[in-house]
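Single-structure report; data block below.
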Amino acid sequence: MNQWDFVIAAYGVSVPALGWLVLVSFNQMRRAEQAVDEMMRGRK
Amino acid sequence: MKAKNQRLFLIILAAVAMLGAVVLAMSGLKDQAAYFYAPSDVLRNPPALDRDVRLGGMVRKGSVKKLADGVTLRFVVEDERHAIPVEFKGIVPDLFREGSGVVAEGKFVTPDQFVASNILAKHDERYMPPQMAGDKHKTGRVS
Amino acid sequence: MHAYANPARFLKIARPLTGLLGLVGGTMLILCVAYGVLFGPADYLQGETVRIMYIHVPAAWLGMAGWSGIAVASAMQLIWRHPLAGVAGRACALPGAVFAAICLATGSIWGRPTWGTWWEWDGRLTSMLVLFFLYLAYMALSRAEREADGETSGEGRMTAIFGLIGAINLPIIHYSVLWWRTLHQGQSISVMKGSSIDASMLWPLLGAAVGASLLFGAIVLMRMRAELADTKLEMRMRRLAAL
């Protein structure tokens, strides 16, 4: 195998893993905070 | 003593005790946890013949010879104090070079002859562009 | 230290900081890694595969930094009962686990063309794998504990104790290559001895590490905000149910 294949494989694993981490964390935060905002609005 | 300080003291005590235990265990396990025998380890404490072990060290410069059959390699693994001849039949990794690190998996057939069934390359912690390294390492290349 | 114990005050700072850290860190990480991979030099010995370093090394550092964060937060929680410490510790777990996994995966891919093997049970590789499993155990424990004593407070005392105990693996990872014979090479960068990585590779590597650290901070803030909001919702639900 070509040396570059290993480099591409390494980033091919890392980039989706990091993307998933950011996306999951961001979505959890947004969903929870939106629910709190709605709750506060409902209380007024 | 305030409860807060008491907890702080207890946790520091626990941390120191744990750290001490780890240091002791790590130095105690130095031989068992070693991934390979260096040649000087073999001199000090020779492993049993025909037992699967790993031998690690530097490939002596100028020692790599290919036998007439075209697949068998002979070379010498050395450290500062001792050197052991190794025989290996098969394909070595790209980074297997003379003057570079190697870990050979195999057996001692006699106390002075190691037969490897697998070869791993061990590189050091230096990274640099080729033009910086000069021809320091190019000469050692095994074709 | 307790000045930011109030979640409202914490959120006032955390909200703008999350986006700032995420954007600056993400941009820095991408630019430095891209520079290293596309324009950096090949290695004299390894050739092109050295480019895996720009993600492998920051991932290793952050995998370990994540547990350092857990340990510090656990100590603050157990000693000073800081109300946000438990939240902060738990927020470090998933990013730490992902970075540790990236370190292991890229290391394996790097090991094949250089050492000639995908995996070997040497001291460094094994202790790093242990770190990854510790993260999994920590996350399972924190979830179980939160479900078990959600009624009382959900403080997570057991989780914090586990976080402190698990920290003993950190010096083992660090010193494994110095104290034991390993296949993994010794450390390239040390405070005392400087770096044995050439400057042309070192600067993009350090830039990527700083960028990844900032991104890590942003993810921790996101996860803290998510847990704080979830707790608020839960409290509200319970109050409604009690009526």
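Structural remarks
- Mean sequence separation of contacting Cα pairs (under 8 Å, at least six apart), scaled by the length of region B:35-140, corresponds to a relative contact order of 26 percent.
- With a 10 Å cut-off around each Cβ of C:14-27, the average count of Cβ atoms from other chains is 1.
- Fraction of the pair-distance distribution of chain C above 29 Å, Cα-Cα pairs, percent: 36
- The charge dipole of chain C, taken about its Cα centre with unit charges on the Cβ atoms of Lys, Arg (+1), Asp and Glu (-1) only, comes to about 720 debye.
- Between 0 and 90°, nearest 10: helix A:3-43 axis offset from chain A longest Cα axis: 0
- Pair-distance distribution P(r) for chain B, from all Cα-Cα distances in 5 Å bins starting at 0: 2, 9, 15, 17, 13, 10, 8, 6, 5, 4, 4, 3, 2, 1, 0, 0, 0 percent.
- The mean sequence separation of alpha-carbon pairs under 8 Å and at least six residues apart, normalised by the residue count of chain C, gives a relative contact order of 34 percent.
- Note on exposure: B:120, B:24, C:170 ranked by accessible area (1.4 Å probe, complete protein assembly) read B:24, C:170, B:120, with the most exposed listed first.
- Taking Cα atoms only, the orientation of helix B:3-28 departs from the longest principal axis of chain B by about 20 degrees.
- Average beta carbon contacts from partner chains per residue of C:228-237, 10 Å cutoff: 4
- Accessible surface of residue B:50 - all protein chains present, 1.4 Å probe, nearest 10 Å²: 100
- Protein accessible surface hidden between C and B, which excludes ligands and nucleic acids, total in Å², probe 1.4 Å: 3700
- For the peptides C:207-215, C:158-166, residues were scored by their other Cβ atoms within 10 Å and the scores averaged per peptide; the highest-first order is C:207-215, C:158-166.
- Per residue, chain C reaches -26500 deg cm²/dmol at 222 nm when only DSSP H runs of four or more residues are counted, each adding -39500 (n - 2.57).
- Surface accessible to a 1.4 Å probe, residue C:139 within the full protein complex, Å²: 50
- Dipole magnitude of region B:35-140 about its Cα centre (Cβ charges: Lys, Arg +1; Asp, Glu -1), debye to nearest 20: 200
- With the charge dipole of region C:71-186 set up from +1 on Lys and Arg Cβ and -1 on Asp and Glu Cβ about the Cα centre, the Cα lying farthest toward the positive end among the listed residues C:95, C:179, C:78 is that of C:179.
- For q = 0.06, 0.10 Å⁻¹, Debye-computed log10 I/I(0) when each Cα of the protein assembly as shown counts as one equal scatterer: -0.32, -0.80
- For chain C, the solvent-accessible area works out to 43 Å² per residue, with a probe of 1.4 Å and every protein chain left in place.
- Accessible carbon and sulfur surface of chain C relative to its total accessible area, %, 1.4 Å: 70
- Listed by number, the DSSP H helices of chain C that run 27 Å or longer by alpha-carbon position along their axis and have mean Kyte hydropathy of at least 0.0 are C:7-39, C:53-80, C:85-114, C:123-148, C:199-242.
- Taken residue by residue and averaged, Cβ atoms of other chains lying within 10 Å of the Cβ of C:177-189 number 5.
The values are calculated or read from the model by the stated rules, or taken from the named source; none is laboratory data. None of the values given here were measured: they were computed from a predicted structure. Using ideal geometry, Cβ is built from the backbone for each residue, glycine included, and neighbour counts are taken over all protein chains shown. Note: areas computed on protein heavy atoms with side chains; ligands, DNA, RNA excluded. Shrake-Rupley method; radii C 1.70, N 1.55, O 1.52, S 1.80 Å.
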